[in-house]
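Q: One structure is given below, represented as structure tokens, and several questions about it will come after.
The values are calculated or read from the model by the stated rules, or taken from the named source; none is laboratory data. Note that the structure is a prediction, hence the values are computed from the model and not measured. Quick reminder, even Gly has a Cβ in these numbers, built from the backbone with ideal geometry, and neighbours come from all protein chains shown.
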Amino acid sequence: MSDLRWSDEQLDHLRTCGDSEADDVILDLFARGDDVVRAINMLMRDLVENNDVPATSLPAGARAYFLATGLPSWADGARIELGQRVFHRYGPLIILLLNTYSLPICYAAAKGAQVLVRTGRLQSNPHRRIVETAQLVVDVMAPGGLDPSSDRGAGLRSAQKVRLMHATIRHLIRRDSGWDPAFGLPINQEDMLGTLMSFSVATLDGLQRLGVELADAEVDAYMHTWNVVGAVMGLQQELLPRDYAEGRAVADRIGERHFAACPEGQALTRSLLEMMEYLAPGTAFDGVPAECVRWFVGDRVADLLAVPATRERSPLIDLWRLFGRFGDRLGDRSETMQHAAALLSRAFVQALLLANRGGQRLPFHIPTELRQVWGINWP
């Protein structure tokens, strides 16, 4: 396959393409007439509340979907295991990168941000969305998370659930009279591809900038693992990049096409920063989430997202500013940023666990073996 896949003509076509397999399940539910609200509510409830096999109360079509879909035939168990070992070692940093790099570049894609705003949850309850997204990453990247024969295979089930949720959102929004067709089909193949690159390519780039040196086989394995997840979530397999270099190329191409300032992307970013500030303990990290976002995505994209410039409120920020004056000589991989990211990442993951105890709050689960390796205490 050639790079013609990333021409404007081809990518424009992808903006008209959804996910027929999952879309058919949702169309079947909506075809139930008066029972549609009950059916959709039941589906969403079961997707959120059941972590293992699909509940028998699910409509037949939805249950058949869960039983029939699984890992693609080309999934390589050894490469998946190696990719998950990368997460085993660097999980807190990867979760931090999710919120300071991956999600912000998703918000910078102005057309895709329209869908996120219309779902409402990122602004009205950003904490829940942060937890849900982080939980997906933990589920698929934990040891055995994609093993359909393992009782630890929560990642496969999580990816299947997200795929159906996307199909539901696609069905509802495309029938909204206020939806502008110029935005493309909601959660289309191009937007799905760009999002997948934010989880794989951006994470690997962020780790490298933090001084994490991965072997070529580990980079390949991490890309492969997320390609498997992308296939499970309904991304056309011929679109999946063959390696990191190709992933970087398509991520840059999509950014060139869609990164633009828009009120929706800025509002989403503001909600994310406010939530990270809320979760960061004490005052030592004041302003650090915004600085992290600006450092990873770059000033141009940070300005599009209206990320505030650093104010000298934190000793960590002061050190970053000092090192920044010598950026040409020191490069991006300053020991200060590496140390600060390590501190903030563990504090952030610990806060996610502490903030979700009891009541009706969404639980955030990290397998015991990962918490032990990361030095994260269970509240």
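Q: Taking region 243-274 as the search range and keeping residues that are hydrophobic (A, V, I, L, M, F, W, C), out of contact with any Lys or Arg (no Cβ under 9 Å at 6 or more places or on another chain) and buried (at least 18 other Cβ atoms within 10 Å of the Cβ), which one is farthest from residue 179 (Cα to Cα)?
A: 273
Q: Another question, if that's okay. Checking residue 66 against (1) within 26 Å of residue 341 (Cβ to Cβ); (2) at pLDDT below 95, which test does it fail?
A: The single condition residue 66 does not satisfy is (1).
Q: With (1) more than 28 Å from residue 18 (Cα to Cα); (2) crowded, with 21+ Cβ neighbours inside 10 Å; (3) aliphatic (A, V, I, L, M) as the list, and residue 233 as the residue in question, which single condition is left unmet?
A: (1)
Q: State all residues of region 195-218 that are in a helix (DSSP H, G or I), within 19 Å of residue 295 (Cβ to Cβ), over 13 Å from the mean Cα position of the chain (by Cα) and of a type outside the set (Asp, Glu); if no residue qualifies, say none.
A: 204, 206, 207, 208, 209
Q: Between 198, 177, which is surrounded by fewer than 19 Cβ atoms within 10 Å (Cβ to Cβ) and polar (S, T, N, Q)?
A: On the way: 198 fails: surrounded by fewer than 19 Cβ atoms within 10 Å (Cβ to Cβ).
None of the others qualify; the one that does is 177.
Q: Can you give me the number of residues within region 68-85 that are buried (at least 18 other Cβ atoms within 10 Å of the Cβ) and not in a loop (DSSP other than H, G, I, E, B)?
A: Counting residues in region 68-85 that are buried (at least 18 other Cβ atoms within 10 Å of the Cβ) and not in a loop (DSSP other than H, G, I, E, B) gives 5.
Q: Look at residue 250 and say whether it is in a helix (DSSP H, G or I) and either of a type outside the set (Gly, Ala, Ser) or within 23 Å of residue 163 (Cβ to Cβ) (or both).
A: Yes, satisfied.
Q: Run down 219, 212, 288 and say which single residue is in contact with a helix residue (DSSP H, G or I) (Cβ under 8 Å, 6 or more places away or on another chain), at negative phi and buried (at least 23 other Cβ atoms within 10 Å of the Cβ).
A: From the options 219, 212, 288, the qualifying one is 288.
Q: Which members of region 157-194 meet the condition of being part of a helix (DSSP H, G or I) and farther than 30 Å from residue 221 by Cβ? Talk me through it step by step, then tell me what you get.
A: Narrowing region 157-194 to residues part of a helix (DSSP H, G or I): 157-174, 181-183, 189-194.
Listed by number, the residues that qualify are 168, 169, 170, 171, 172, 173, 174, 181, 182, 183.
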